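Structure first, commentary second.
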Amino acid sequence: SLLFQLVWLGLNVFLFWWFYLAYDLPPKFFYTRVLLGRALALARAPAACLNFNCMLILLPVCRNLLSFLRGSSACCSTRVRRQLDRNLTFHKMVAWMIALHTAIHTVAHLFNVEWSVHARVEERGTLAAALSGLGDKPNESYLNFVRKTIPNPVGGLYVAFTYLAGLTGVIITLALILIITSSTKTIRRSYFEVFWYTHHLFVIFFIGLVIHGAGRIVRGQTAESLDEHNPDICSKNFTDWGKKEACPIPQFSGNPPMTWKWVVGPMFLYLCERLVRFWRSQQKVVITKVVIHPFKTIELQMMKKGFKMEVGQYIFVKCPAVSRLEWHPFTLTSAPEEDYFSIHVRIVGDWTEALFNACGCDKQEFQEAWKLPKIAVDGPFGTASEDVFSYETVMLVGAGIGVTPFASVLKSVWYKYCHDATNLKLKKIYFYWLCRDTHAFEWFADLLQSLETQMQERNNAEFLSYNIYLTGWDETQATHFAVHHEEEKDVITGLKQKTLYGRPNWENEFKTIAGKHPGSRIGVFLCGPEGLADTLNKQSISNSEADPRGVHFIFNKENF
């Protein structure tokens, strides 16, 4: 991952420096630099980087393409698949790089416009004024794109809002500001609709980006003119241009727009992506069962013709009765062996509350199936959890509702053991669930209990080691739990494994597991917050041995 990021950063640095020199040194832009100075190169270098990053920004969100690559062993090794699982992280990094280069490009062009307007209105007698006057007479081509003699600041505003480059620049910059500011974690979690709708301003952004350079305001001396007119010599005698054969009037042309060449491929792929999503969203989905779990968590069991899934995958769900445009991601909690697919929805916002009500969960009476709302489903899409069965030993870490991908994994293990587990590569699961309060355990406890019983019946109780950590409790609860600690089953979950309080000592956990499985590749899978991801990633690195034959922890994180 670090190598990939360094390559990407290196390409950005290379493009910036290459295009800076391409506009700062060649004689083609000698006279352009007289008007604009270093701001010319400082505007064009980030423009090249913007083209490069705008080419990349759509690729990480082509979910069907990534799922296809993930599922193709011919295309992707495990290492490549792990990079694909970081698609949203890379998408965010590219977005911030676009913001950085947009800022540099915009500031440089603000100086360019100011100096171009000033050169157009200043008194004759200077080289800049002479260059700005070119194009006023027949058989002359202009260099200064500002043609009206309106002084600053009105002249600058006139350029910004009447020229194609200025107007599209303002629009795409505003669109980018809205997209980025509405993508913060706070907005995404508390006002998802704001994030969802403003993110679709990317359509306006890309349209503006493609036509931004069509006005060809960046102009340079033509090759034919350079053969006849040497700017190094003739710039010293600009008053004699056209009078001496050695220095005819220089001719200029605009740079052809290049952005479309960079982004047309990714835009086509993304268009295909959206068409596939639309086609799949039109396929009929039937809600076969709605289960209301305690404390406002509902389970939707659904069926769809031709739907095939793997463990840990996720889908996007739309409920037209709630919103015709909004799609929300949910991890599948069913196993591939089941004849339906399911999601668990925790009621934490306006959309989930409306879905809860639309499914009739707010009513006491039984809800008829035909009264249930229509649901559109897009997916399933691959995640890191698909690779669980590629390891002999795994650590599964779920925080809060982040346990949902592992419900699918554990269910699939249960089904495999019920039928035939002889071909199962996975031999040992260490499962950790961190949760703030006791209520979150209830819908998951039955699954763990079934798996626990199944393993004991098969004389393989050691297959699954699980630890449930309660990270938030009060003194009354603590006293109650202490009184019942000696009972055979846990007072909270009803499981034989007792609930622990506080947070795991991850260093001890990793060292213990490393000691039990020397020379193994151990998969570490997390669905949880970034802080915990940083901790587990560091522990995975620090507890992996340098010797290729030693123990290695391979960290994987859910991203969707």
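The values are calculated or read from the model by the stated rules, or taken from the named source; none is laboratory data. From a predicted model like this one, the values you see are computed outputs, not experimental measurements. Cβ placement follows ideal geometry from the backbone for every residue including glycine, while neighbour counts extend to all protein chains displayed. Ligands, DNA and RNA are stripped out before the accessible areas are found, and what is left, the full protein with its side chains, is counted by its heavy atoms. Shrake-Rupley method; radii C 1.70, N 1.55, O 1.52, S 1.80 Å.
Summary of computed values
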| item | result |
| --- | --- |
| Strands (runs of 3 or more DSSP E) lying entirely in region 298-349 (those with 1 or more residues that are in contact (Cβ under 8 Å) with a residue 12 or more places away in the chain and polar (S, T, N, Q)) | 328-331, 341-346 |
| From V524, V551, residue being in the same structural domain as F510 (by the TED database), more than 24 Å from T186 (Cα to Cα), among the β-branched types (V, I, T) and out of contact with any Phe, Trp or Tyr (no Cβ under 8 Å at 6 or more places or on another chain) | V551 |
| Residue match in region 242-256 (condition: of a type in the set (F, W, Y) and either farther than 30 Å from A22 by Cβ or in a helix (DSSP H, G or I) (or both)) | no |
| Criterion violated by P231 - all others in (1) more than 28 Å from S323 (Cα to Cα); (2) modelled with pLDDT under 90 satisfied | (2) |
| Positions within region 356-386 being open to solvent by 10 Å² or more (accessible area, probe 1.4 Å), part of a helix (DSSP H, G or I) and touching a Lys or Arg at 6+ places or on another chain (Cβ under 8 Å), in sequence order | F356, E386 |
| Top-ranked residue of region 227-241 - restricted to ones that are among the hydrophobic types (A, V, I, L, M, F, W, C) and either touching a helix residue (DSSP H, G or I) at 6+ places or on another chain (Cβ under 6 Å) or assigned to a loop (DSSP other than H, G, I, E, B) (or both), ranked as surrounded by the fewest Cβ atoms within 10 Å (Cβ to Cβ) | W241 |
| Criterion violated by E353 - all others in (1) more than 22 Å from the chain's Cα centre (by Cα); (2) surrounded by 20 or more Cβ atoms within 10 Å (Cβ to Cβ); (3) part of a helix (DSSP H, G or I) satisfied | (2) |
| Selected residue (only one of V203, V170, V117 is open to solvent by less than 50 Å² (accessible area, probe 1.4 Å), at pLDDT 90 or above and among the β-branched types (V, I, T)) | V170 |
